[in-house]
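What follows is a single structure, written as structure tokens, with notes after it.
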């Protein structure tokens, strides 16, 4: 079982981020612990949406034959005017999980029961953040797609819970958090300028990504912070 990108072309238009992936080929086995590393300029949000079938390629195919989580810890599904427990029950029903068992898991892992009857808007920020992470981790997916691990102070606990709960499931960490990727993942794709390079060694992947960061930081210095020059570079001619 795998997620496979076959000769994918996709335009990325996210604010100032403008690039096009052409002929992109990825193979992400369901049981792998894979990192997709890239700076904001790589437009990995679009890649995550393609993986989750929330978007479609302009050309080519993306196939998956196993269950994949939504991009954790996305909060797009949360109804902020409703209590935490109502949101949790909605997620459980959506993924055909037993509601009471799911609520018990959320409380066991995150000690959230005292906040269940509180509207999301009225919950402390750390509680909202914990819920967004745990809502996905407490469901049985073949592969967990992670775009973040929550606040820095809780990342060690989240990593511990992932190790305990993911079991034989795969992990897919997307973003620029190299340190967490080195802890959780064994292989990676590094994205740069519309291309993805595969590494089966995380040390080599981290080194390659640091080189990408250094080059792009140099490009930013070349602009000298001149907004007019940056606007010229970001013009979309298509």
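Yes/no matrix, rows are residues, columns are (1) touching a residue at least 40 places away in the same chain (Cβ under 8 Å); (2) over 11 Å from the mean Cα position of the chain (by Cα); (3) closer than 27 Å to residue 204 by Cα:
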{"site": "15", "(1), (2), (3)": "no, yes, no"}
{"site": "23", "(1), (2), (3)": "no, yes, yes"}
{"site": "31", "(1), (2), (3)": "yes, yes, yes"}
{"site": "46", "(1), (2), (3)": "no, no, yes"}
{"site": "65", "(1), (2), (3)": "yes, yes, no"}
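I need the full set of residues from the range 164-183 which are modelled with pLDDT of 75 or more and touching a helix residue (DSSP H, G or I) at 6+ places or on another chain (Cβ under 8 Å), in order please.
The answer is 171, 172, 173, 174, 175, 176, 178, 180, 181, 182, 183.
Do you know which residues across the range 93-111 are free of Cβ contacts under 8 Å to residues at least 24 places away in the same chain, under 15 Å from residue 140 (Cβ atoms) and in contact with a helix residue (DSSP H, G or I) (Cβ under 6 Å, 6 or more places away or on another chain)?
Residue satisfying the conditions is 99 alone.
When the residues of the range 184-196 are filtered to those that are farther than 26 Å from residue 9 by Cα and surrounded by 17 or more Cβ atoms within 10 Å (Cβ to Cβ), which remaining residue is modelled with the lowest pLDDT?
Checking each candidate, the answer is 184.
Sort out which residues of the range 14-30 are surrounded by 14 or more Cβ atoms within 10 Å (Cβ to Cβ) and in contact with a strand residue (DSSP E or B) (Cβ under 9 Å, 6 or more places away or on another chain), and write them in order of number.
Within the range 14-30, 18, 19, 20, 21, 22, 24, 26, 28, 29, 30 meet the criteria.
Condition check: without any contact (Cβ under 8 Å) to a residue 60 or more places away in the chain, touching a helix residue (DSSP H, G or I) at 6+ places or on another chain (Cβ under 7 Å) and either surrounded by fewer than 21 Cβ atoms within 10 Å (Cβ to Cβ) or more than 30 Å from residue 28 (Cβ to Cβ) (or both). Does residue 80 satisfy that?
In short, yes.
Quick one: which residue in 140, 124 is within 20 Å of residue 52 (Cα to Cα) and surrounded by fewer than 20 Cβ atoms within 10 Å (Cβ to Cβ)?
Answer to the check: 140.
Pick from 86, 54: which is surrounded by fewer than 17 Cβ atoms within 10 Å (Cβ to Cβ), within 17 Å of the chain's Cα centre (by Cα) and over 17 Å from residue 30 (Cα atoms)?
On inspection, the qualifying residue turns out to be 54.
The values are calculated or read from the model by the stated rules, or taken from the named source; none is laboratory data. Keep in mind it's a predicted model, so treat the numbers as computed, not measured. Reconstructed Cβ throughout: ideal geometry from the backbone, glycine too, with neighbour counts over all protein chains shown.
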